[in-house]
Amino acid sequence: LAKTTQPISMDSYEGQEVNITCSHNNIATNDYITWYQQFPSQGPRFIIQGYKTKVTNEVASLFIPADRKSSTLSLPRVSLSDTAVYYCLVGTNTGNQFYFGTGTSLTVIP
Amino acid sequence: DVKVTQSSRYLVKRTGEKVFLECVQDMDHENMFWYRQDPGLGLRLIYFSYDVKMKEKGDIPEGYSVSREKKERFSLILESASTNQTSMYLCASRSTGGRSSTEAFFGQGTRLTVV
């Protein structure tokens, strides 16, 4: 299973764009990259998933370079409610092992 | 609306007690997971199950066992609770998909305190 490395914490002011990068040097050909968000006292929830290039939804964008050894979650114009822990996961969609790491704790400052 | 329901939000148990944490999902998912979450350590996988009566160990299975007699229900068992098992426990379920996205759905968590 590919391990992931993320920054432990980040701070950002309201209204700024936030980019959180995840390293996954040992990503396999069949692996997807998935990001989850977790608020205090809640379970994580799915944000976005991609395989290569760029994926965008109503919440975030995910940028994946050609070598796929890293990925960047981009949150446009963050608000205080985006304060949460963000997890990057790498694995196949048919795999039944599903490992989280320590995640990145994002604090949005007024 | 999809749902993963954990039987208790808060639980206090005594050292040495046998503890059952129950999780039920209504999405007919094949895969179910139990994690514990501790400050600074993220989510750590305890056990997962990919089918009824099938289970595999995760990263930290010691002191725990699991049961999956029905597809929708996955139970985590602490055979003899200890204080170092005080933690937040999270259950999740996920389908076995193909190339399409297969997000995992989490329960609300059970905060277990062992005294």
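The table below gives the values:
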read-out: Scope the stretch A:50-78; condition out of contact with any Gly (no Cβ under 8 Å at 6 or more places or on another chain) and in contact (Cβ under 8 Å) with a residue 24 or more places away in the chain; matching residues; value: A:Ala60, A:Arg68, A:Lys69, A:Ser70, A:Thr72, A:Leu73, A:Ser74, A:Leu75, A:Pro76
read-out: Boolean, A:Thr92 is more than 12 Å from the chain's Cα centre (by Cα) and either free of Cβ contacts under 8 Å to residues at least 60 places away in the same chain or more than 14 Å from chain B (Cβ to nearest Cβ) (or both); value: no
read-out: All strands (runs of 3 or more DSSP E) inside chain B with 1 or more residues being free of Cβ contacts under 8 Å to residues at least 60 places away in the same chain and open to solvent by 30 Å² or more (accessible area, probe 1.4 Å); value: B:19-25, B:42-51, B:54-57, B:64-70, B:73-78
read-out: Filtered residues of the stretch A:85-110 (kept if within 27 Å of A:Glu14 (Cα to Cα) and outside any loop (DSSP other than H, G, I, E, B)); value: A:Val85, A:Tyr86, A:Tyr87, A:Cys88, A:Leu89, A:Thr104, A:Ser105, A:Leu106, A:Thr107, A:Val108, A:Ile109
read-out: Residue match in the stretch A:22-38 (condition: exposed (fewer than 13 other Cβ atoms within 10 Å of the Cβ), in a loop (DSSP other than H, G, I, E, B) and modelled with pLDDT of 95 or more); value: no
read-out: Hey, A:Val18 open to solvent by less than 20 Å² (accessible area, probe 1.4 Å) and away from chain B (no Cβ under 12 Å) or not; value: yes
read-out: Verdict on A:Ser41 being more than 10 Å from chain B (Cβ to nearest Cβ), open to solvent by 60 Å² or more (accessible area, probe 1.4 Å) and closer than 20 Å to B:Gly109 by Cβ; value: no
read-out: Test for A:Val85: is it within 22 Å of B:Met88 (Cα to Cα), among the hydrophobic types (A, V, I, L, M, F, W, C) and open to solvent by 30 Å² or more (accessible area, probe 1.4 Å); value: yes
read-out: Residues of the stretch A:57-84 satisfying the condition of being part of a strand (DSSP E or B), within 14 Å of chain B (Cβ to nearest Cβ) and closer than 27 Å to A:Thr29 by Cα; value: A:Leu62
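The values are calculated or read from the model by the stated rules, or taken from the named source; none is laboratory data. All values derive from a computational prediction rather than experimental measurement. Reconstructed Cβ throughout: ideal geometry from the backbone, glycine too, with neighbour counts over all protein chains shown. Calculation scope for accessible area: heavy atoms of the full protein, side chains included, ligands and nucleic acids excluded. Shrake-Rupley method; radii C 1.70, N 1.55, O 1.52, S 1.80 Å.
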